[in-house]
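Novice: Input: one structure, supplied below.
The values are calculated or read from the model by the stated rules, or taken from the named source; none is laboratory data. Every value quoted in this text rests on a predicted model; they were computed, and no experiment measured them. Backbone-built Cβ (ideal geometry, glycine too); neighbour counts: all protein chains shown.
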Amino acid sequence: MRERTVFALVIISLLLLAAGYIVGTQVNLLPTPASSRAVLVDGLMRFLLGIATVIFLVVEGALLFAVLRFRRRGADDSQGASYRENTTLELVWTLVPAIIVVIIGFYSYRVLAAIERPENDPLVVEVESSQFIWTFHYPEQQFSSSELHLPVGKPVRLEITSKDVIHSFWVPDFRAKRDATPGQVSELLITPTLVGRFPIRCAELCGGGHAAMTSVVIVESQAEFDRWILSEAGPAQ
Amino acid sequence: MEHAMATHEDHFRAGKLLGLDHRKLGMWLFIASEVMFFGGLIAAFLTFKLGTPSTDSALLNVAQVGVNTFVLLTSSFTVVLALSAIRAGDQRGLRAFLGLTILLGAAFLSGQAFEFASLYREGLTLTSGVFGSSFFTLTGFHGLHVFIGVVWALRNLIKAMRGGYRAETSIGIELFGLYWHFVDIVWIVLFTIIYLI
Amino acid sequence: MSADAYAVKATAGWRRYLRWNTDHKVIGVQYLVTTFVFFFIGGLLAMLVRSELARPGTDILAGQQFNRVVTNHGSLMIFLWIIPVFAGFANFMLPLMIGARDMAFPRLNAASYWTFLAGGVVMVASFFVGAAETGWTAYVPLSIRAPDGQTVWAVSVIIIGASSTMGGINFITTTLTMRAEGMSFWRLPLFVWSMLATSLLVVIATPVLTASLILVALDRLVGTAFFDVAAGGSPILFQNLFWFYSHPAVYIMILPGMGIISEIFPVFSRKPIFGYKMIALSSMAIAVLGMTVWGHHMFSSGMDPRYRVPYMVTSMIIAVPTGVKIFSWLATIWDGKLRFTTAMLFALGFISMFLIGGITGIFLASIPFDIHVHDTYFVVAHLHFVLFGGSVSAAYAGLYYWFPKITGRMLDENFGKGHFILNFIGANLTYLPMFLAGALGMPRRVADYAPEFARLNQLATLGAAILGVSSVPMLYNIVVSWVKGPVAEANPWQARTLEWQTSSPPQDQNFDVPPVITHDPYDYGVAGPAADRPQSASAAAD
């Protein structure tokens, strides 16, 4: 290949990687992560976004370039080039995407292992869904509530089920979701890291009230959480 | 310039895959799709057999159904004999073995009907639980396929009695044979996973 | 069989399309017209959805009604538009492309169309008896408890599935046994390869959907216990059976479109297709891999967590053969002499939009990210980029490319370009905001949403309005051109595949004598006189 072409390719590659890096680190599309798993998932997402930016720019760029540079001029009836293959090129564009997906796969697996790792002594809350309300049982404290309160910084294990059709428990700010399936209990592990009120939305079509099946998770300090428990369950704690 | 109109066969002579007749290929593909259909029903049956153990399976009479299975497998043998008969030009043999196949198929269906009736009497029904639902659906659809096969065999027999088959034009029997063997093989699988394991 | 069995009654005119006819060209037109009608109905349903979602709050459609509109929008588009429209193109073109006079089983072919129409009528009829309302995915137990229309819907899908399977058997058998002399596998046009891969998926996967819906119907009608949790039934079983088909279904929806794109680029670049064998083999690889990924729709389902990772692996691997196609197409147009006919524009638009859909597919394959965005508008955006930006663009490209061959008339290129521009702008404007909405917290299949999503939804509705408008120049173009457009010559695009070596439209039984194939389908890039070398030297146009 000509020196100029190599030079141009190197410059373009560096620019692409820079674009990917910038997008991956600076673009802030998601709301503030409010749980430990959210931090990890957001990191993964940024990585994906950075790679996606590079791929997007390469392909769309090549497309745009080709459309402008190789368009037929006037009434030019001649043929285009005649090459049909290029083993090196084909190997590159098979292997590079393969390597990229392998890397993405490994990174995803590591994040998955981290976010699903059971913690010691979590707070257990049973989430029961029905058309179209969420009910939260605190088995250890022995009471139920229509509100989900959680102490900040403590691991929680949600045990999720449904009394009728499939619903799905989703807290976008936690980046956590699990289907609520009748006849089975599905676990969801979360450690909230921010104090605040975060929406809970149903993420599986469950009937006419699906869009309205929302609630809120209130993450508060341990002291406030204890006070709430006391007020709900009575003083026998 | 005059071009002779190509016959339909001309179009099939070119570009064949492994010399396979298009009608046989079509039948194989149809059988593949039916295998997948039974695969779905078998998946349902096994899900419940493995996931929701029930005592209902004790109600099944393996010995009786084993005899019925033997009947059905014999009918596959008679189909093979029917095909080799017509290939040798033996019209009587064709009719005889087709007739036997029909009788054996009908016997299988009667045996199944008898089995279903007695299971119903003992409380195992289509709606009695996951075992009943998956058992009757799976064996029921198989029985439906046997029934269709028996009707097809009858139609072939009538055609044979009118001299509709010759050694060179016996592909209809061969196609029927493929279907019938498929139905039998499905039964072997069903018998194994429902009654034996 | 005698030649008479194949003598098509020479009743010209539009009436033959309303009757049973075994000529693959008639059946192809029947499929194409019928699927476009269903496309418009599905599009109207989409307009209803976007109208409701233009603002927060319930404006025109309350919960259950909204669910019905959404369900039938999806069902129509998948089962009655995008899958069968490619069957329509294949019906018309496949025999021509391989040098055959018709399909292997012409009567089965006709039966597949009328079965399809019957299924479509039943599906539309289900609107009126209390429509299906569970989303096209019909999860149990919701679909067991839904009103009567759900059963009618399930029956209609079973009927349509039977039609699809009939077609699949026919396409495979035709391709394998009716190729003309000299038409080896490596001389097949890539559209034929793509239909072969697609048809294998159709034959293998569709019956499993049939089984799953039969179980739903049995639970609904006779009280079986398959999905009755109290009796030990399993909702997860339904999801596995359903997605075992419905994931391959998306490859059924895209592979033929990719085949069309592979036809169009060489013609309008005057260059051979780059990497022919790899493109052909990648279609088969996608088909095979496509049967192993279905669990990625169930990452949040509470399925045994150990089983999730293999699905992530296979779902990511499938990006590789897909990428091979995209890069090969780019290499095809590179150094070409590009002509921007409407067909070419839609093919270019296909790459640009399918790319976004494909990349976001990798995002969704990553389990931790998917857990966040599953069942949100992120998925809605992804699926519309691949199915609308991808498959529908390819269907449009096929329309503009093959309209002269099918009807004998030329479509107007100016209306075509107008259609393309409105479509490209509209599609991107409609679906790009949805990625953000989903990631920010908007679930799918909702009639209402939190006010923070209002701006994104307004943009999407505006885009949808533009898409609606874009159908006007297309529809006008098709109708007017078909009736009185300029007469098309046999080979207006100077293409090399066999269908262009027949008249426009092709004569009865396509070829006077079976052609003998002497060249490959994309022999461009060779200098010479304007009389380009067709694939068969002996096939004579009328």
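Novice: Just one of (1) surrounded by fewer than 17 Cβ atoms within 10 Å (Cβ to Cβ); (2) in contact with an Asp or Glu (Cβ under 9 Å, 6 or more places away or on another chain); (3) not small (Gly, Ala, Ser) trips up B:Val65, so point out which.
Specialist: It is condition (1) that B:Val65 fails.
Novice: Please go through region C:292-310 and give me each residue that is crowded, with 18+ Cβ neighbours inside 10 Å and not small (Gly, Ala, Ser), ordered by number. Even if it seems obvious, please write down each step before you answer.
Specialist: From region C:292-310, those crowded, with 18+ Cβ neighbours inside 10 Å are C:293-303, C:308; that's our starting set.
The answer is C:Val293, C:Trp294, C:His296, C:His297, C:Met298, C:Phe299, C:Met303, C:Arg308.
Novice: Residues in region C:220-241 that are in contact (Cβ under 8 Å) with a residue 40 or more places away in the chain, surrounded by fewer than 24 Cβ atoms within 10 Å (Cβ to Cβ), within 15 Å of B:Thr47 (Cβ to Cβ) and of a type outside the set (A, V, I, L, M): how many?
Specialist: Residues meeting the conditions: 2.
Novice: Considering every residue within region A:16-32, establish whether at least one is surrounded by fewer than 18 Cβ atoms within 10 Å (Cβ to Cβ), of a type in the set (S, T, N, Q) and not in a helix (DSSP H, G or I). Break it down into steps so the answer makes sense when it comes.
Specialist: Step one: filter region A:16-32 for residues surrounded by fewer than 18 Cβ atoms within 10 Å (Cβ to Cβ), giving A:16-19, A:21-22, A:25-29, A:31-32.
Pick out the ones that are also of a type in the set (S, T, N, Q) and you get A:25-26, A:28, A:32.
Subset that is not in a helix (DSSP H, G or I): A:28, A:32.
Looking for residues that are surrounded by fewer than 18 Cβ atoms within 10 Å (Cβ to Cβ), of a type in the set (S, T, N, Q) and not in a helix (DSSP H, G or I), one finds at least one in region A:16-32, hence yes.
Novice: Out of all the residues in region A:58-72, which are more than 16 Å from C:Gly358 (Cβ to Cβ) and more than 7 Å from chain C (Cβ to nearest Cβ)?
Specialist: Initial filter on region A:58-72 (more than 16 Å from C:Gly358 (Cβ to Cβ)): A:61, A:64-72.
Listed by number, the residues that qualify are A:Gly61, A:Leu64, A:Phe65, A:Leu68, A:Arg69.
Novice: Against the definition (closer than 25 Å to C:Trp136 by Cβ and under 20 Å from the mean Cα position of the chain (by Cα)), how does C:Phe242 come out, yes or no? Spell out how you get there, then give the answer.
Specialist: Working: closer than 25 Å to C:Trp136 by Cβ: yes; under 20 Å from the mean Cα position of the chain (by Cα): yes.
In short, yes.
Novice: What residue, among those in region A:33-64 that are assigned to a helix (DSSP H, G or I) and touching a Pro at 6+ places or on another chain (Cβ under 6 Å), is surrounded by the most Cβ atoms within 10 Å (Cβ to Cβ)? Walk me through it before giving the result.
Specialist: As a first pass, look at region A:33-64 and keep what is assigned to a helix (DSSP H, G or I): A:36-64.
Narrowing further to those that are touching a Pro at 6+ places or on another chain (Cβ under 6 Å): A:39, A:41-42, A:44.
Working: A:Val39: 16, A:Val41: 28, A:Asp42: 20, A:Leu44: 24.
Only one residue fits best here, namely A:Val41.
Novice: Report, by residue number, each residue of region A:47-57 that is within 19 Å of A:Val102 (Cβ to Cβ) and more than 7 Å from chain C (Cβ to nearest Cβ).
Specialist: Going residue by residue through region A:47-57, those that are within 19 Å of A:Val102 (Cβ to Cβ) are A:47-52, A:54-55.
Correct list: A:Phe47, A:Leu49, A:Gly50, A:Ile51, A:Val54.
Novice: Given (1) more than 9 Å from every other protein chain (Cβ to nearest Cβ); (2) touching a residue at least 60 places away in the same chain (Cβ under 8 Å); (3) under 30 Å from B:Phe176 (Cα atoms), where does B:Lys49 come up short, assuming only one miss?
Specialist: With (1) more than 9 Å from every other protein chain (Cβ to nearest Cβ); (2) touching a residue at least 60 places away in the same chain (Cβ under 8 Å); (3) under 30 Å from B:Phe176 (Cα atoms) applied to B:Lys49, the lone miss is (3).
Novice: Residues in region A:201-216: is at least one in contact with a strand residue (DSSP E or B) (Cβ under 6 Å, 6 or more places away or on another chain) and charged (D, E, K, R)?
Specialist: yes
Novice: Any residue at all in region C:183-192 that's assigned to a loop (DSSP other than H, G, I, E, B), facing another protein chain (nearest Cβ under 7 Å) and surrounded by fewer than 23 Cβ atoms within 10 Å (Cβ to Cβ)?
Specialist: no
Novice: Return only the number of the condition from (1) under 30 Å from C:Asp335 (Cα atoms); (2) more than 9 Å from every other protein chain (Cβ to nearest Cβ) that A:Ala34 does not satisfy.
Specialist: (1)
Novice: Determine whether region C:493-516 contains at least one residue that is more than 13 Å from every other protein chain (Cβ to nearest Cβ), over 25 Å from C:Thr332 (Cβ atoms) and in contact with a His (Cβ under 7 Å, 6 or more places away or on another chain).
Specialist: No, every residue in region C:493-516 fails to be more than 13 Å from every other protein chain (Cβ to nearest Cβ), over 25 Å from C:Thr332 (Cβ atoms) and in contact with a His (Cβ under 7 Å, 6 or more places away or on another chain).
Novice: Could you count how many residues in region C:331-359 are facing chain A (nearest Cβ under 8 Å) and either buried (at least 23 other Cβ atoms within 10 Å of the Cβ) or not aromatic (Phe, Trp, Tyr) (or both)? Explain how you work it out, then say what you get.
Specialist: First, the residues of region C:331-359 that are facing chain A (nearest Cβ under 8 Å): C:331, C:333-340, C:348, C:351-352, C:355-356, C:359.
Those left that are additionally either buried (at least 23 other Cβ atoms within 10 Å of the Cβ) or not aromatic (Phe, Trp, Tyr) (or both): C:331, C:333, C:335-339, C:348, C:351-352, C:355-356, C:359.
Of the residues in region C:331-359, 13 are facing chain A (nearest Cβ under 8 Å) and either buried (at least 23 other Cβ atoms within 10 Å of the Cβ) or not aromatic (Phe, Trp, Tyr) (or both).
Novice: Testing A:Glu119 on (1) in a loop (DSSP other than H, G, I, E, B); (2) more than 7 Å from chain C (Cβ to nearest Cβ); (3) farther than 27 Å from C:Arg306 by Cβ, one condition comes back false. Which one is that?
Specialist: A:Glu119 satisfies all of (1) in a loop (DSSP other than H, G, I, E, B); (2) more than 7 Å from chain C (Cβ to nearest Cβ); (3) farther than 27 Å from C:Arg306 by Cβ except (3).
Novice: For C:Val33, all conditions in the list (1) within 17 Å of the chain's Cα centre (by Cα); (2) within 14 Å of another protein chain (Cβ to nearest Cβ) hold save one; what is the number of the exception?
Specialist: Looking at each condition in turn, C:Val33 falls short on (2).
Novice: Let me ask something else. Considering each of C:Leu467, C:Leu462 in turn, give the residue that is without any contact (Cβ under 8 Å) to a residue 40 or more places away in the chain and closer than 30 Å to C:Ala381 by Cβ. Explain how you work it out, then say what you get.
Specialist: Numbers: C:Leu467 fails: without any contact (Cβ under 8 Å) to a residue 40 or more places away in the chain.
Only one candidate passes the filter, namely C:Leu462.
Novice: Here is a list of conditions, (1) surrounded by 13 or more Cβ atoms within 10 Å (Cβ to Cβ); (2) closer than 30 Å to C:Leu345 by Cα; (3) aliphatic (A, V, I, L, M); (4) out of contact with any strand residue (DSSP E or B) (no Cβ under 7 Å at 6 or more places or on another chain), and A:Val67 meets all of them except one; can you say which number that is?
Specialist: Exception for A:Val67: condition (4).
Novice: On to the next question. Quick one: would you say C:Val313 is free of Cβ contacts under 8 Å to residues at least 12 places away in the same chain, at the interface with another protein chain (Cβ under 7 Å from one of its Cβ atoms) and under 30 Å from C:Phe244 (Cα atoms)? Don't jump to the end; show me each part of the working.
Specialist: Values: free of Cβ contacts under 8 Å to residues at least 12 places away in the same chain: yes; at the interface with another protein chain (Cβ under 7 Å from one of its Cβ atoms): yes; under 30 Å from C:Phe244 (Cα atoms): yes.
Answer is yes for this residue.
Novice: Moving on. Just give me the residues in region A:150-198 being more than 22 Å from the chain's Cα centre (by Cα) and over 22 Å from A:Ala211 (Cα atoms), in sequence order.
Specialist: A:Pro151, A:Gly183, A:Gln184, A:Val185
Novice: Turning to a different aspect of this structure: Pick from C:Phe244, C:Phe268, C:Phe226: which is among the aromatic types (Phe, Trp, Tyr) and more than 14 Å from chain A (Cβ to nearest Cβ)? Can you show your working first?
Specialist: Values: C:Phe268 fails: more than 14 Å from chain A (Cβ to nearest Cβ); C:Phe226 fails: more than 14 Å from chain A (Cβ to nearest Cβ).
From the options C:Phe244, C:Phe268, C:Phe226, the qualifying one is C:Phe244.
Novice: Something else now. Go through region C:271-289 and report how many residues are more than 7 Å from chain A (Cβ to nearest Cβ) and either out of contact with any Pro (no Cβ under 7 Å at 6 or more places or on another chain) or surrounded by fewer than 24 Cβ atoms within 10 Å (Cβ to Cβ) (or both). Explain how you work it out, then say what you get.
Specialist: Residues of region C:271-289 more than 7 Å from chain A (Cβ to nearest Cβ): C:273, C:277, C:279-289.
Then keep just the ones that are either out of contact with any Pro (no Cβ under 7 Å at 6 or more places or on another chain) or surrounded by fewer than 24 Cβ atoms within 10 Å (Cβ to Cβ) (or both); that gives C:277, C:279-281, C:283-285, C:287-289.
Residues flagged as more than 7 Å from chain A (Cβ to nearest Cβ) and either out of contact with any Pro (no Cβ under 7 Å at 6 or more places or on another chain) or surrounded by fewer than 24 Cβ atoms within 10 Å (Cβ to Cβ) (or both) within region C:271-289 amount to 10.
Novice: Got at least one residue in region C:404-415 being part of a helix (DSSP H, G or I) and over 21 Å from C:Ile260 (Cβ atoms)?
Specialist: Yes, the conditions are met somewhere in region C:404-415.
Novice: Let me ask something additional. For region C:194-217, enumerate the residues that are within 7 Å of chain B (Cβ to nearest Cβ) and touching a Leu at 6+ places or on another chain (Cβ under 8 Å).
Specialist: Within region C:194-217, C:Val203, C:Val208, C:Ala211, C:Ser212, C:Leu215 meet the criteria.
Novice: Another question, then. Mind telling me which of the residues C:Val313, C:Val320, C:Val250 ends up being of a type in the set (Val, Ile, Thr), under 26 Å from C:Leu76 (Cα atoms), surrounded by fewer than 24 Cβ atoms within 10 Å (Cβ to Cβ) and modelled with pLDDT of 95 or more?
Specialist: Details: C:Val313 fails: under 26 Å from C:Leu76 (Cα atoms); C:Val320 fails: under 26 Å from C:Leu76 (Cα atoms).
Every option except C:Val250 fails the conditions.
Novice: Please verify whether region A:78-91 includes one or more residues that are crowded, with 17+ Cβ neighbours inside 10 Å and either more than 8 Å from chain C (Cβ to nearest Cβ) or closer than 29 Å to A:Val217 by Cβ (or both). So that I can check it myself, show each step before the final result.
Specialist: Filtering region A:78-91 down to residues crowded, with 17+ Cβ neighbours inside 10 Å leaves A:79-81, A:84, A:90.
Add one more test, that the residue is either more than 8 Å from chain C (Cβ to nearest Cβ) or closer than 29 Å to A:Val217 by Cβ (or both), and what stays is none.
No, region A:78-91 contains no residue that is crowded, with 17+ Cβ neighbours inside 10 Å and either more than 8 Å from chain C (Cβ to nearest Cβ) or closer than 29 Å to A:Val217 by Cβ (or both).
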